[in-house]
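Here the structure is laid out as structure tokens; the discussion comes afterwards.
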Amino acid sequence: MKKIIVIGCPGGGKSTFARALQKKTGLPLYHLDMLYWNADRTTVSRDVFDSRLDDLLKKDEWIIDGNYGRTMERRICACDTVFFLDIPVDVCLDGIKSRKG
């Protein structure tokens with residue numbers, strides 16, 4: 001396992017799981033939200049996001065956390081492992097409600 005994606009419903013614990021996985025494996029962790037959002041809470045253009053993602057996918061090792069359905073096929077083709085968190089809807093909604101910030 002050197003190229004891992006973590007996917008699942010919003011609020012389902014993807015980021016929490018990905019951080020724990022990063023601690024266990026030592027692989028670099030990248031959150032798709034960090035590629036998409038600027039510090040001022042604006043979003044980057046589609047071209048900028050795609051360029052950032054392409055740069056990541058070229059690396060030898062990574063964990064990528066997030067859904068972003070438009071790029072799912074590219075990430076699945078580039079990875080060697082997929083963790084799909086199939087969490088019940090009520091748990092995901094509670095996860096979303098408990099977020100801060």
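Some notes on this structure:
- Distance between modelled label sites at LYS24 and ILE76, nm, 7 Å Cα→Cβ extension: 2.3 nm
- Amide hydrogen proximity for ILE87: with H placed 1.01 Å from N in the peptide plane, the residues at 5 or more positions away or on another chain lying under 5 Å are CYS9.
- Its relative contact order, with pairs defined as Cα atoms under 8 Å and 6+ residues apart, puts the chain at 53 percent.
- Solvent-accessible area, 1.4 Å probe, carbon plus sulfur percent, for the range 1-92: 55 percent
- Taking the helices alone, the chain has a mean residue ellipticity at 222 nm of -12500 deg cm²/dmol, built from -39,500 (n - 2.57) per DSSP H run of at least 4 residues and averaged over all its residues.
- Charge dipole magnitude, Cβ of K and R +1, D and E -1 - the chain, Cα centre, debye nearest 20: 240 debye
- Three-way shape call for the chain based on the alpha-carbon gyration tensor, with the a/c threshold at 1.5: oblate
- When only Cα pairs below 8 angstrom with a gap of at least 6 residues are kept, the range 1-60 shows a relative contact order of 25 percent.
- Spin-label model distance (nm) - TYR68 vs VAL91, 7 Å beyond Cα toward Cβ: 2.6 nm
- Paramagnetic reach from SER15 in the range 48-81 [backbone N under 13 Å; point 7 Å along Cα→Cβ]: 65-67
- Residues of type aspartates and glutamates that LYS2 reaches as a straight line, Cα spacing below 19 Å, ignoring anything fewer than 8 places off in the same chain: ASP54, ASP55, ASP60, GLU61, ASP65, GLU73, ASP80
The values are calculated or read from the model by the stated rules, or taken from the named source; none is laboratory data. A quick note: this is a predicted structure, and the numbers were derived from the prediction, not measured. As a convention, Cβ positions derive from the backbone with ideal geometry for all residues, glycine included, and neighbour counts pool all protein chains shown. Keep in mind that these areas ignore ligands, DNA and RNA; they rest on the heavy atoms of the full protein, side chains included. Shrake-Rupley method; radii C 1.70, N 1.55, O 1.52, S 1.80 Å.
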